[in-house]
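J.: Have a look at this one before I ask anything.
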Amino acid sequence: MANYLQASLNNDQLSVQDYLRGNIQAGVIHLGVGAFHRAHQAVYFDRLLALPNGEKWGVIGVNIRPQDSEYFAQFIKQRGEYVLKTMAADGTTEYQHIRSIIRQIDGAQEPQAVDLAMADENIQLVTSTVTEGGYYLDENRTLMLDNPAIKADVEGARNTLYAFLYAGLKIRSETSQAKITLLCCDNLRHNGELLETGLMQFLAAKKDIKLANWVKENVSFPCSMVDRITPKPSQQHIDDVHARFALTDEMTVMGEDFIQWVVEDKFAGEKPDLDLVDVQFVDQVAPFEEAKIRILNAGHTCITYQAALKGLTYFDEAMRDVELNQYFKDFIQQDAIPALGESIVDLTSYADIIAQRFSNTNIGDTVERICTDGYAKFPIFVLPTLEGIYRQGRTPEKTLQGIANWFTFIQLVNQGRLEVQYHEPNNVALIPFTNDADGIKTFVTDSFLWGRVPSEFPDFKMHLTQAIYQAQNKYAK
Ligand code: CS2
């Protein structure tokens with residue numbers, strides 16, 4: 001394989017941050033090295049490493065899922081180096097050689113190596129992207145102790161991030177004692193608080209009071225909002241990188257040019273100077289995360305199943321579809337923004353920017369990617385808008401439409417009537433919805449999805465049922 005550094009030095013299209021990789025020390029562990037991490041947090045750290053005193057913030061990238069071991073082996077083979085391509089709506093394209101993940105550990109194969117790394121007092125920060133469903137909390141923020149993965153982890157297995165945090169922090173508490181920050185980077189509201197409550201419940205289930213007390217004293221859990229649309233890298237993209245730079249890079253990623261990271265200023269360990277590379281440290285992340293989750297993520301979620309039902313492949317096609325474009329505007333203006341209420345974020349301008357980002361024809365983000373994991377996404381992204389509008393005494397028509405289209409999508413996928421692949425880690429939870437006799441009834445009363453709405457607003461069940469009939473008439477005849 002061609003040498004990355006040579007490629008970037010020889011080809012002025014491939015930019016590289018100015019630091020000697022050999023001088024970099026690890027200060028961060030990241031759990032869950034998917035495409036999003038490689039296009040987001042790893043990029044910020046890559047920039048930080050090039051600044052004076054930045055060299056102690058190298059990242060140790062950790063895989064925690066056995067099913068990703070093969071993929072991760074390739075990342076190890078590439079020594080954690082890869083090319084990031086970013087594409088602006090006006091067609092401006094950049095290629096960057098990212099080198100911040102200086103060490104790679106496959107935790108699914110070598111869990112003890114992760115524990116030792118976490119015990120190292122030079123590690124100040126553990127970041128995580130393990131998907132919204134990867135925290136195993138129910139609608140009451142209760143850890144799903146009956147879930148087989150969590151159950152096994154309480155007994156000593158290594159399925160979830162909790163098992164890794166438990167084992168690593170245990171050694172750290174017994175050896176170095178140094179404080180540490182656990183920074184959740186998944187799209188969950190109050191994500192830091194959720195990670196904290198999940199971990200504390202896990203420690204309670206392990207009956208490890210000593211470690212729980214240590215965590216209370218020595219660990220902080222800031223909230224954060226992360227943003228960059230990161231499509232799944234296509235084969236065409238991999239081929240492009242190969243042709244351009246003579247690199248066989250199977251870990252290359254692509255994303256839009258926009259990037260944002262807002263972090264609550266609450267570090268127990270040393271705080272990296274990420275503000276020097278445009279990370280926003282704030283006292284309250286909530287207004288930023290609410291705006292992002294309810295406009296961007298919910299916008300994606302409410303449109304994508306309709307786009308799939310219409311047979312569209314790319315998300316920007318949905319934004320060019322007259323009906324869906326209008327739907328997005330209506331959903332934002334009638335439901336999402338009114339439910340958000342007062343905000344320090346200028347919500348109208350924010351939504352305009354999101355509309356432009358969604359319309360970027362150069363990123364090739366797929367409807368299929370955004371359809372993934374609907375069961376975990378609706379309660380996080382969409383439920384607050386649903387509830388907020390009912391609370392204002394109105395009917396959230398556009399939100400109901402988005403939900404109804406998801407239901408119809410589930411049915412058609414189940415009947416094998418849609419081309420698109422549905423990647424749904426919670427497939428089991430959807431089975432009752434596909435039952436002809438009472439599928440709709442089960443769906444409209446599901447408390448994981450709709451929280452208190454069915455009981456507090458009895459009309460909801462009828463409204464959603466009607467919206468489902470309409471969607472079925474349109475798409476499922
Ligand atoms: C998308 C996100 O799949 C989804 O739910 O809304 O992956 C979205 O692209 C990112 O959160 C953008 O930061």
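The values are calculated or read from the model by the stated rules, or taken from the named source; none is laboratory data. In this text the structure is predicted, and so the values were computed from the model without any measurement. In this analysis, Cβ positions are derived from the backbone assuming ideal geometry, glycine residues included, and neighbour counts consider all displayed protein chains.
J.: Can you say whether residue 366 is within 30 Å of residue 284 (Cα to Cα) and within 16 Å of the ligand (Cβ to nearest atom), as far as the supplied structure shows?
T.: Numbers: within 30 Å of residue 284 (Cα to Cα): no; within 16 Å of the ligand (Cβ to nearest atom): yes.
The answer is no for residue 366.
J.: Would you please name the residue that is farthest from the chain's Cα centre (by Cα), looking only at residues in region 282-320 that are without any contact (Cβ under 8 Å) to a residue 60 or more places away in the chain and within 10 Å of the ligand (Cβ to nearest atom)?
T.: Only one residue fits best here, namely 315.
Conditions tested, residue by residue: (1) surrounded by 14 or more Cβ atoms within 10 Å (Cβ to Cβ); (2) farther than 20 Å from residue 376 by Cβ; (3) among the hydrophobic types (A, V, I, L, M, F, W, C); (4) not assigned by TED's automatic domain parsing to the domain that holds residue 264.
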position: 298; (1), (2), (3), (4): yes, no, yes, yes
position: 309; (1), (2), (3), (4): yes, yes, yes, yes
position: 318; (1), (2), (3), (4): yes, yes, yes, yes
position: 327; (1), (2), (3), (4): yes, yes, no, yes
position: 334; (1), (2), (3), (4): yes, yes, no, yes
position: 347; (1), (2), (3), (4): yes, yes, yes, yes
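J.: Just for helices (runs of 4 or more DSSP H) wholly inside region 362-441: which have at least 1 residues that are among the hydroxyl-bearing types (Ser, Thr, Tyr)? Walk me through how you get there before you give the answer.
T.: Numbers: elements: 367-371, 374-377, 383-391, 397-414, 427-430.
Counting at least 1 such residues, we get 374-377, 383-391, 397-414.
J.: Then there is this: Just for region 161-189: of the residues that are within 16 Å of the ligand (Cβ to nearest atom) and at pLDDT below 95, which one is surrounded by the fewest Cβ atoms within 10 Å (Cβ to Cβ)?
T.: Per the stated criteria, the residue is 189.
J.: Of the conditions (1) of a type in the set (Lys, Arg); (2) away from the ligand (no atom under 16 Å from the Cβ); (3) part of a loop (DSSP other than H, G, I, E, B), residue 232 satisfies every one except a single condition; which number is it?
T.: For residue 232, the failing item is (2).
J.: Given the structure, is residue 115 assigned by TED's automatic domain parsing to the domain that holds residue 69 and either closer than 22 Å to residue 41 by Cβ or modelled with pLDDT of 95 or more (or both)?
T.: yes
J.: In region 263-288, what residues are modelled with pLDDT of 95 or more, more than 17 Å from residue 46 (Cβ to Cβ) and not hydrophobic (A, V, I, L, M, F, W, C)?
T.: Result: 264, 265, 266, 270, 271, 280, 283, 284, 287.
So that you can scan it fast, the table gives a plain yes or no per residue for (1) among the aliphatic types (A, V, I, L, M); (2) free of Cβ contacts under 8 Å to residues at least 40 places away in the same chain; (3) in contact with a Phe, Trp or Tyr (Cβ under 9 Å, 6 or more places away or on another chain):
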residue	(1), (2), (3)
147	no, yes, yes
177	no, no, yes
180	yes, no, no
183	yes, no, yes
188	yes, no, yes
191	no, no, yes
195	yes, no, yes
213	no, yes, no
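One line per residue, one yes/no per condition, for (1) outside any loop (DSSP other than H, G, I, E, B); (2) over 23 Å from the mean Cα position of the chain (by Cα); (3) of a type in the set (Asp, Glu):
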position: 102; (1), (2), (3): yes, no, no
position: 108; (1), (2), (3): no, no, no
position: 139; (1), (2), (3): no, no, yes
position: 149; (1), (2), (3): yes, no, no
position: 153; (1), (2), (3): yes, no, yes
position: 158; (1), (2), (3): no, no, no
position: 166; (1), (2), (3): yes, no, no
position: 169; (1), (2), (3): yes, yes, no
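J.: Would you mind finding the one in 8, 69 that is small (Gly, Ala, Ser) and surrounded by 22 or more Cβ atoms within 10 Å (Cβ to Cβ)?
T.: 8
J.: Which of (1) out of contact with any Phe, Trp or Tyr (no Cβ under 9 Å at 6 or more places or on another chain); (2) not β-branched (Val, Ile, Thr); (3) not in a loop (DSSP other than H, G, I, E, B) is the odd one out, the single condition residue 91 does not satisfy?
T.: It is condition (3) that residue 91 fails.
J.: Using the structure shown, decide if residue 432 is in the same structural domain as residue 456 (by TED's automatic domain parsing) and surrounded by fewer than 18 Cβ atoms within 10 Å (Cβ to Cβ).
T.: yes
J.: Quick one: count up the residues across region 267-296 that are of a type in the set (D, E, K, R), buried (at least 20 other Cβ atoms within 10 Å of the Cβ) and out of contact with any Lys or Arg (no Cβ under 8 Å at 6 or more places or on another chain). If you could, list the steps in order and put the result at the bottom.
T.: Looking only at region 267-296, we keep the residues that are of a type in the set (D, E, K, R), and these are 270-271, 273, 275, 278, 283, 289-290, 292, 294.
When the remaining residues are screened for being buried (at least 20 other Cβ atoms within 10 Å of the Cβ), the result is 289-290, 292, 294.
With out of contact with any Lys or Arg (no Cβ under 8 Å at 6 or more places or on another chain) added as a condition, the list becomes 292, 294.
The total comes to 2.
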